[in-house]
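Derivation of every value follows stated rules applied to the coordinates shown; laboratory data play no part. Note that this is a predicted model, so its numbers are computed, not measured. A quick note on method: Cβ atoms are made from the backbone with ideal geometry, for glycine too, and the neighbour counts reach across all protein chains shown.
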Amino acid sequence: MEKNDRKALLLGLSAVLLWSTAATAFKLALAGLTVLQLVFVAVLTSALALLVALGVQGKLGQLRAGFARQPLHYLTMGLLNPLAYYCILLAAYDRLPAQQAQVINYTWAITLALLCIPILGQRLGRRDWLAVAMGYLGVLVIATEGAPWSLQFTDGPGVALALASTLLWAVFWLLSARAKGDATLNLTGYFLCAVPPALILCLWQGGGMPALDRSFLAAVYVGLFEMGVTWMLWATALRSASNVTRVGNLIFLAPLLSLVLISQVLGEAIHPATLFGLAMILPGIVLQQRGRAS
């Protein structure tokens, strides 16, 4: 693809703005839907949107060929993400204030660094371990609302679910980075494979098919703008950029913008501990990334 930094910047900013709305959309959807209903509607919406995009690009034949070549890969990855990942992440949002779940979820990059030790055989340097300490101390500050040494969590299971979601995302990222083929084709295959089990879970344990109300529309929004479409925007932005790092750094705007929306739309009062914890987590991620690059 021909490099176009202006296009990359616009697409990257668009993706970040859309992702910053995700936490608010999660909570609006969960106000009237169960976790499994939300997962089903969002995954189905995203799968359909990705299929339309592939159809416009004339790549549906390539998708069929990919399924025929490695069906088990698509099924396994689809069960991991989006199915298991979003079930766990949204269960965390269902229990925690949006500000806590959203900020804790951003520690996935630090979790990824830790997973590189057993999976890739990498060794972490002092800078990496400092980043890990900053990130998880930030989580502790947020989860205890500013009293980290008390270990009195707002919701212990919710915090555990939020941290577990970072583990699933990091595992998915490592596996998908090794996958062959077009990233959009693969992502579409993963979502398509997740639709049937998501439907079964929704009907079996999720309360059945959801009503067509405002929460349903919020779930459709999640499917479009937290999942499929926004990932395509982000991937295109990275491919269009002559300097991937410059575009990649835009992602650090998302949690800050998200907190503004959480405050203004959901009416959550942003706790000072959330801001303090975020001020530890984001520099920790930057420090960890520079550590891996050096």
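Tabulated data for the structure shown
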item: Separation of the Arg214 and Ala160 label points, Cα + 7 Å toward Cβ, nm; result: 3.4 nm
item: Highest average packing first - 172-180, 46-54, Cβ atoms within 10 Å; result: 46-54, 172-180
item: Residue-by-residue Karplus 3J(HN,Hα) for region 16-28, coefficients 6.51, -1.76, 1.60, Hz, glycine and proline x; result: 5, 4, 5, 4, 5, 8, 4, 4, 5, 5, 4, 5, 5
item: Reachable lysines, given that their alpha-carbon falls under 27 Å from the alpha-carbon of Lys3 and they are not under 8 places away in the same chain; result: Lys59, Lys180
item: Inter-label distance for Ala235 and Val286, nm, one decimal - labels placed 7 Å from Cα along Cα-to-Cβ; result: 3.0 nm
item: Relative compactness, region 45-96, computed as alpha-carbon Rg over 2.2 N^0.38 Å; result: 1.45
item: Relative contact order (%) - criterion: Cα under 8 Å, at least six apart; region: the chain; result: 45 percent
item: Gyration tensor verdict on region 118-260 (Cα atoms; rounded if a/c is under 1.5, prolate if a/b is larger than b/c, oblate otherwise); result: oblate
item: Least to most buried among Leu238, Leu192 (fewest other Cβ within 10 Å first); result: Leu238, Leu192
item: Residues of region 244-282 with amide N under 13 Å of the 7 Å Cα→Cβ point at Lys3; result: 244-247
item: Taking Ser263, Ser20, Ser150, Ser165 and counting other C-beta atoms within 10 Å, the order from fewest to most; result: Ser150, Ser263, Ser20, Ser165
item: Computed label-point distance, nm, for sites Gln122 and Trp204 using a 7 Å Cα→Cβ extension; result: 3.6 nm
item: Phi-based couplings in Hz for region 250-264 (Karplus 6.51, -1.76, 1.60; Gly and Pro marked x); result: 4, 4, 6, 6, 4, x, 5, 5, 4, 5, 4, 5, 4, 5, 7
item: Coil-residue trypsin sites (Lys or Arg not before Pro) of region 59-128, DSSP, other Cβ within 10 Å capped at 15; result: Arg123
item: Order of Arg214, Arg239 under a 10 Å beta carbon neighbour criterion, fewest first; result: Arg214, Arg239
item: Pairwise centroid distance, computed over Cα atoms, of region 1-75 with region 99-126, Å; result: 24 Å
item: Local net charge near Gly158, Cβ-Cβ under 15 Å (Lys/Arg +1, Asp/Glu -1); result: -2
item: Residue-wise HN-Hα coupling along region 239-244, computed from phi with Karplus coefficients 6.51, -1.76, 1.60 (Hz; x: Gly, Pro); result: 5, 7, 7, 7, 10, 5
